Amino acid sequence: MWNQYQDFYKWINHSNKTPEDMRLLFGLVPAYPVFMFLGICLVILVTVIQMNKRKIPLRELEIGIVIIVPIGIIGGTFFGKIFLNNYQSWTNFYKVFFFWQPGMSFFGALALGSAAGFGWFYKRSKTTQISMWVYLDLILVNILLGHALGRWGNLYNQEILGNPVSYESISWMPSFIRNRLFYFPPLINFTNVLDGKSLYSDPTWWVRIFDSNGVLNTAYTDNFNYNGQSLTDIMNSQIQYRSPLFLIEGLGNIVLWLLITFGVRNINRYANKKNNPWVITPEAYPCLWNSKFKSISESQLKDWYTLAPVKYKRVKIVNETGETFELTMSLKSVWNKAYYWVEPDYEANKKMYTQIEEWKNDLYTATLKYQNDKKQLKIKLEKMKSEFNKKYKFTKQNLQKQLIIEYKNNVALEKQRVKEKQIEFNNKFTFGQRHLGINPYGRELEKANNPNGFIVPRSGVSAGCYILGYGILRTILETQRQATEYMIPNHAIANFIVLSLIIFTGIFIIVMVQFIVPYKWREIGWLYEKTY
C-alpha cells in the first residue's frame, strides 16, 4: 500500500512508468475503451443468443448495431465531459469527443443510443411486423451485462469511487484493485509561481519531484501552487482510499439482469395460481405441478397444433402390470403449449378478423378521400380567387361591394362542405384511431389470443423494468458519488430530478405496455410476447 502521494509517485518512478501508464491494460493500451468494447460485444452476443431462441431475424440488429453503437459512444463522451470545467473552454472543447479519456456518461450513451435504436426499430417494425418493444426488451436489458463489464475500465481510470474507507477494510481485495481505489490529486491546475507554466507542461515532472536520493525535492515542489496549497503539501498528504463504487454498481447490474431475465419474464409461471393451464385442462399438461397427471400416456394426452413442436419428456412408469412409458413436461413447455406457441382458432374468430380488415380498409379509404377533398378545396379556392380578381377589375365601382359579398359567400359555402365531410370523418373514426393507430377491436383481438385470461408479462415490460430498476440502483449509489461524477456533474438538484424522472418513466412504460397497449395497439400477424 501507499500511505502518502509521494509513496505512490516514488513507486511509479522506480517502475519506470508515468502516471498515465496506470490507465493502461497490461501496459499496452488504454483499459477503458477495451472494457467498453468488450461490454458492447457482450451485449451483442447475449442479444443474438436470445433472438435466435425466439427465431427473430438478425438483419435489423446487424444494421442497428452500426447505427446505435457510434451514436451511443458520442452521447456518452459528450455528456460525460461537457459539464466539466476542463472542457468548457473553446481550446479544449474538441476533447469532449475523446471517448478513451475519463469522463463517460452512461446516461448520455443510453439516451442517444436508445433514441437512435427507437427510431430504427420503429421504422423497421412496419416491415418485419415485429414490435419495437420486442427488440427493446432484449437489447436494453442486456445492456446491464455490458455495463457491468465496462465498469472495470473505471478501475484503471481511478474513477466512480465511493465513501472513504480504511486500507485495512479493503485489504481482502486483490492488490491490483485495492491499490487503485483512490483519486489522483488534481495536479493539472498547479502552476509554477516563477514562470506561470502548468506542472504538466514539464513532461518529466513526476521524475523531478525527487532528488537523486529518492527524497522529495522541495526546492522543485515548493514552486508549484494552486489555491494556496503547494505541491509539497499534496505529496505529503495522506492517500484517502475509497469503496469500489464501480464494482458495487456492476454487481447491482448483474443482479438486476438476473431478476428481469429469470424473474419478470417468467412471472406468468407463478402469478396464475388459480388459473394455471394444468388446472384448466389437466390432460394436456402433465407436469410436476399437475395434481392429476404428473405424467400421462400418449393416448390420453390432449394435444393440438402449435407454432413449434412442444417438447415432452418420456419417463418410465413401473406398476403391477409391468413397465410403461409416459409423457411429462417442463414448466417452460407447459406455457409454450398453453400460450406462447398457440394460434387463435381461425374459424371461431373469422368474423372479428373480417371486421378488422374492413375497418382498416375503411379508415385508409376515408383518410385518402378526406385528404383529397382538402387538396381539391385548396385548388378550387385559388381558382375562385383568380376569377374574382379578374371580374373585380372590370366591375363598376357601385357593383364591387356586391361582388365581394358573393365571393365570400361562395368561399364560405365550399369550406362548409369540406367541414361537413370532416365532421362525418371524425364521427366515424376517433382521434386515436385516426392519428394514434388505436385498434377499436384491440380488446377482442387480445381475448382471442389469450382466451383463458392468463397473467403474462407483456412485450415492453422488461424494458420498463430495466429503466425503473437501474434508475433506483443509480439513485441509491448516487449518494456516494463525487459531485463531478454525477449523471449531471456538479448539479446535485438537477441530477436527482432527472433520476426521479427516469424512475417515473420506467413505471409509466410498465403500466402502459402491461395494461393499456395490449388492448389498444395490437395487430394481426405481428410478433409481441407471442405471435398474434
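Tabulated data
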| item | result |
| --- | --- |
| Members of the range 485-497 found to be surrounded by 16 or more Cβ atoms within 10 Å (Cβ to Cβ) and either under 14 Å from Gly250 (Cα atoms) or not acidic (Asp, Glu) (or both), listed by number | Tyr486, Met487, Ile488, Pro489, Asn495, Phe496 |
| Failed condition for Arg458, given (1) in a helix (DSSP H, G or I); (2) of a type in the set (D, E, K, R); (3) closer than 30 Å to Ala271 by Cβ | (1) |
| From Ile502, Ile510, residue being in contact with a Cys (Cβ under 7 Å, 6 or more places away or on another chain) and either under 30 Å from Gln355 (Cβ atoms) or surrounded by 16 or more Cβ atoms within 10 Å (Cβ to Cβ) (or both) | Ile510 |
| Condition check for Thr261: in a loop (DSSP other than H, G, I, E, B) and out of contact with any strand residue (DSSP E or B) (no Cβ under 7 Å at 6 or more places or on another chain) | no |
| Extreme residue, farthest from the chain's Cα centre (by Cα), among residues of the range 411-430 that are β-branched (Val, Ile, Thr) and under 19 Å from Thr365 (Cβ atoms) | Val418 |
| Leading residue by the ranking (surrounded by the fewest Cβ atoms within 10 Å (Cβ to Cβ)) among those in the range 438-476 that are more than 30 Å from Leu245 (Cβ to Cβ) and of a type in the set (Lys, Arg) | Arg443 |
| Scope the range 208-267; condition among the aromatic types (Phe, Trp, Tyr) and buried (at least 19 other Cβ atoms within 10 Å of the Cβ); matching residues | Phe210, Phe224, Tyr241, Phe246, Trp257 |
| Residue ranges of helices (runs of 4 or more DSSP H) in the range 1-105 with at least 1 members closer than 29 Å to Met487 by Cα, under 22 Å from the mean Cα position of the chain (by Cα) and modelled with pLDDT of 85 or more | 31-53, 59-81 |
| Residue in the range 473-483 that is at pLDDT below 90 and either touching a Lys or Arg at 6+ places or on another chain (Cβ under 8 Å) or not hydroxyl-bearing (Ser, Thr, Tyr) (or both) present | yes |
| Residue in the range 260-277 that is aromatic (Phe, Trp, Tyr) and either touching a Leu at 6+ places or on another chain (Cβ under 6 Å) or touching a residue at least 60 places away in the same chain (Cβ under 8 Å) (or both) present | no |
| Gln433, sole failed condition from (1) part of a helix (DSSP H, G or I); (2) over 31 Å from the mean Cα position of the chain (by Cα); (3) of a type in the set (S, T, N, Q) | (2) |
| Residue within the range 164-180 that is out of contact with any helix residue (DSSP H, G or I) (no Cβ under 7 Å at 6 or more places or on another chain) and crowded, with 18+ Cβ neighbours inside 10 Å present | yes |
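Each row is one residue, and each column tells you yes or no for (1) at pLDDT 90 or above; (2) in contact with a Leu (Cβ under 8 Å, 6 or more places away or on another chain).
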site	(1), (2)
Leu144	yes, yes
Gly150	yes, yes
Asn157	no, no
Leu161	yes, yes
Glu168	yes, no
Lys197	no, no
Gln240	yes, no
Pro244	yes, yes
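Here's the yes/no breakdown for (1) in contact with a helix residue (DSSP H, G or I) (Cβ under 8 Å, 6 or more places away or on another chain); (2) over 30 Å from Leu468 (Cα atoms); (3) part of a helix (DSSP H, G or I):
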| residue | (1), (2), (3) |
| --- | --- |
| Arg269 | yes, no, yes |
| Trp278 | yes, yes, yes |
| Lys292 | yes, yes, no |
| Asp303 | yes, yes, no |
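Results for (1) in a helix (DSSP H, G or I); (2) basic (Lys, Arg), shown as yes or no for each residue.
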residue: Glu323; (1), (2): no, no
residue: Val342; (1), (2): no, no
residue: Thr365; (1), (2): yes, no
residue: Lys380; (1), (2): yes, yes
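The values are calculated or read from the model by the stated rules, or taken from the named source; none is laboratory data. All figures in this text were calculated on a predicted structure; none of them were measured in a lab. Cβ atoms come from the backbone with ideal geometry, glycine included; neighbour counts cover every protein chain shown.
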